[in-house]
Amino acid sequence: MPQLKKELSRFDLTMIAIGSMIGSGIFLTPSIIARAIPFPSLIIFVWLIGGIQALCGALTFAELGSMIPGAGGVYVYLSEGYGKLAGFLYGWAYFLVVNTGGIAALSVAFASYLGYFFRFTPFEIKFVAVSGIFILTLINVFGVKIGGIFSDLFTILKLIGIFGVILIGFLLGSSHLTNFSISIFNKETEWSGIALAMVGVLWSYGGWQHATYISGEAKDPKHDVPIAMIIATAAVTAIYIAINIAYMFLLPVNAISASSSLAADAVRTVIGPAAGALIALAIFISTFGTAGIYTLTAPRIYFAMANDGIFFNQISRIHPKFKTPYNAIILQSTWAIILILFWGTFENLISYVVFTDWIFFALTAATIFIFRKKLPNAKREYKTSGYPLTPLFFIAVAVWFVINTLIEKPEQAIAGIIMLALGLPVYFYWNKKR
């Protein structure tokens, strides 16, 4: 029987984790955050807290990955910790909306930014988006190493673009625009503003867990997956803080909060009209690269589900020549294309179920306590630093995020719960069939 080919190096896994985290968020969310908390010190503070949160998650998941290095990552940890139903519901939400909707939204985004140079009509934007998904599908069907090379290349290109913005800000901007002396606990600041800002921060930091999905194709998963996630989260934290400081060196905070195209507006202050084209190219590279990584990683979840008998049996098939889960990749891309053709835009759709991702984040992190108790002697190549405070902090922030979503966006949260509930009869059907 064909097996998944183990071809991904530590560098590949690190680039996948970094590339999954850095999409279009860092170009868009700083304006939203500045509107919520218009104080430079607080802006840096929430980005730092978000980085610490992501690092705590990576440190926690690193132990899980070193102990259970199978393809599927979070799905496997949930299934082993709580049973197949928990794992299935995670995979169900990921397939139905979270990842496929993300691919679709990213595809529309990169087509739109490419339209900066070619002036596409709405129909042409959809056509380019679908064509992009088709190309990404072929790349990832032809081999995990080819997909890894693609993620390496586009992650490096997006980092070059981001470092360009950082250098422009630090070398050509002015620190006089920004006053970092304002107290973090300014009396005018409302906690609701911080809560709203953290939503954008946590969204921008998401993605480091993608390295776990493809651990079944890593050369040395027990060592490389944990290290890749830790390096990625630390690097992205430093990058996000640096680029936010760069933004504030180029524009005052009130201008940042009012901007709808922050990166272009910031760079335009020192290099003129050419900024729009440069930033459009940078965002195209970033979104296209992230869409490619999502196309690469998530099918391993559906592959693992099919192997467990709770998804279509054909999805567990591996290509005899390329050794990739080609049916899982094709199914995911087909659904993403259907979303593009029939719904067009997905920001609202994704917001309905984003909070479910954080429910599963909290549940997954909590499995570390279950495994420490049930499997105390299991071989762990890596143990979570700062245990138990590290996972407890991550779980606390994740729970806060879920509760805040229920309070602030009850319609989206309830719709997300309904979406999960629809998975229950599907699971029991597959389980009975198995």
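The table that follows gives values for the structure above.
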read-out: Among (1) of a type outside the set (Asp, Glu); (2) under 18 Å from Gly143 (Cα atoms); (3) assigned to a helix (DSSP H, G or I) - the single one Ile318 does not satisfy; value: (3)
read-out: Pick from segment 63-80, criterion of a type in the set (A, V, I, L, M, F, W, C) and closer than 12 Å to His210 by Cα, ranking: surrounded by the most Cβ atoms within 10 Å (Cβ to Cβ); value: Val74
read-out: Leading residue by the ranking (nearest to the chain's Cα centre (by Cα)) among those in segment 116-154 that are among the aromatic types (Phe, Trp, Tyr) and closer than 17 Å to Thr290 by Cα; value: Phe154
read-out: Breaking point among (1) at positive phi; (2) assigned to a helix (DSSP H, G or I), for Phe110; value: (1)
read-out: Residue among Leu331, Leu339 that alone is closer than 18 Å to Ala93 by Cβ, at pLDDT 85 or above, touching a Gly at 6+ places or on another chain (Cβ under 8 Å) and assigned to a helix (DSSP H, G or I); value: Leu339
read-out: Residue ID - nearest to Leu13 (Cα to Cα), chosen from residues in segment 277-325 that are of a type in the set (Phe, Trp, Tyr) and under 22 Å from the mean Cα position of the chain (by Cα); value: Tyr294
read-out: Condition broken by Leu96, with the remaining ones in (1) of a type in the set (A, V, I, L, M, F, W, C); (2) within 27 Å of Leu420 (Cα to Cα); (3) buried (at least 24 other Cβ atoms within 10 Å of the Cβ) satisfied; value: (3)
read-out: Unique match (being of a type in the set (Val, Ile, Thr) and surrounded by fewer than 23 Cβ atoms within 10 Å (Cβ to Cβ)) among Ile49, Ile103; value: Ile49
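To keep it simple, each residue is scored yes or no on (1) over 30 Å from Met67 (Cα atoms); (2) in contact (Cβ under 8 Å) with a residue 40 or more places away in the chain; (3) over 21 Å from the mean Cα position of the chain (by Cα); (4) not in a loop (DSSP other than H, G, I, E, B).
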| position | (1), (2), (3), (4) |
| --- | --- |
| Gly386 | no, yes, yes, no |
| Thr390 | no, yes, no, yes |
| Ala396 | no, no, no, yes |
| Ile403 | yes, no, no, yes |
| Ile407 | yes, no, yes, yes |
| Ala413 | yes, yes, no, yes |
| Gly416 | yes, yes, no, yes |
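The values are calculated or read from the model by the stated rules, or taken from the named source; none is laboratory data. For clarity, every value in this text was computed on a predicted model and none was experimentally measured. FYI the Cβ positions are ideal-geometry reconstructions off the backbone, even for glycines, and counts take in every protein chain you see.
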